[in-house]
Amino acid sequence: MTTGTLRDEVPGSADSTVTFINVFEIDADQLDEFVVKWEQRARLMRDKPGFIDSRMHRARSAGSRFQLVNVSHWESQEAWEAATADPDFASRTRAAREETGQPITPNPGVYDVVVELTAP
């Protein structure tokens, strides 16, 4: 039996960490190039106040709708907002969207943990 914990932090409260998740619809032939450039942009975030960690996940199946899933953790919503407002980051993100020959569709959002499961 698995046990879970319902998180009692108030979503959006100043002392709650947030999880940024961005799932990407992208053609398989663009994955490697996109990941290299994504890592360059992500390195800008690593030094920002409030950054905790970030991981890019790649689908094992070429038939998956979302080929890439980025999961990042931030100390607060405010820290994430300040980091993503950085002009250098914004210009690199805009350039990444504009330079691709095939459409890459990001689906970003900031989330709060509501249930957490751990191994017994």
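A few points about this structure:
- Take the conditions (1) modelled with pLDDT of 90 or more; (2) in contact with a helix residue (DSSP H, G or I) (Cβ under 7 Å, 6 or more places away or on another chain); Ala96 misses just one of them, which is (1).
- The residues of segment 49-102 that are of a type in the set (Ser, Thr, Tyr), over 15 Å from the mean Cα position of the chain (by Cα) and more than 15 Å from Glu33 (Cα to Cα), listed by number, are Ser61, Ser64, Ser91.
- Every residue from segment 17-60 that is touching a Lys or Arg at 6+ places or on another chain (Cβ under 6 Å) and of a type in the set (Gly, Ala, Ser): none
- Check on Glu78, farther than 25 Å from Glu116 by Cα and not small (Gly, Ala, Ser): no
- Matching residues, segment 71-88, being buried (at least 17 other Cβ atoms within 10 Å of the Cβ) and over 15 Å from Asn22 (Cβ atoms): Ser76, Gln77, Ala79
- Residue match in segment 25-33 (condition: of a type in the set (A, V, I, L, M, F, W, C), free of Cβ contacts under 8 Å to residues at least 40 places away in the same chain and open to solvent by 40 Å² or more (accessible area, probe 1.4 Å)): yes
- Qualifying residue in segment 103-117 (condition: under 20 Å from Glu33 (Cβ atoms), open to solvent by 50 Å² or more (accessible area, probe 1.4 Å) and more than 16 Å from the chain's Cα centre (by Cα)): yes
- Count of segment 51-65 residues, restricted to those that are open to solvent by 70 Å² or more (accessible area, probe 1.4 Å) and hydrophobic (A, V, I, L, M, F, W, C), is 2.
The values are calculated or read from the model by the stated rules, or taken from the named source; none is laboratory data. From a predicted model like this one, the values you see are computed outputs, not experimental measurements. Neighbour counts are summed over all protein chains in view; Cβ atoms, including those assigned to glycine, are modelled from backbone coordinates with ideal geometry. Heads up: the accessible areas ignore ligands, DNA and RNA and are worked out on the full protein's heavy atoms, side chains in. Shrake-Rupley method; radii C 1.70, N 1.55, O 1.52, S 1.80 Å.
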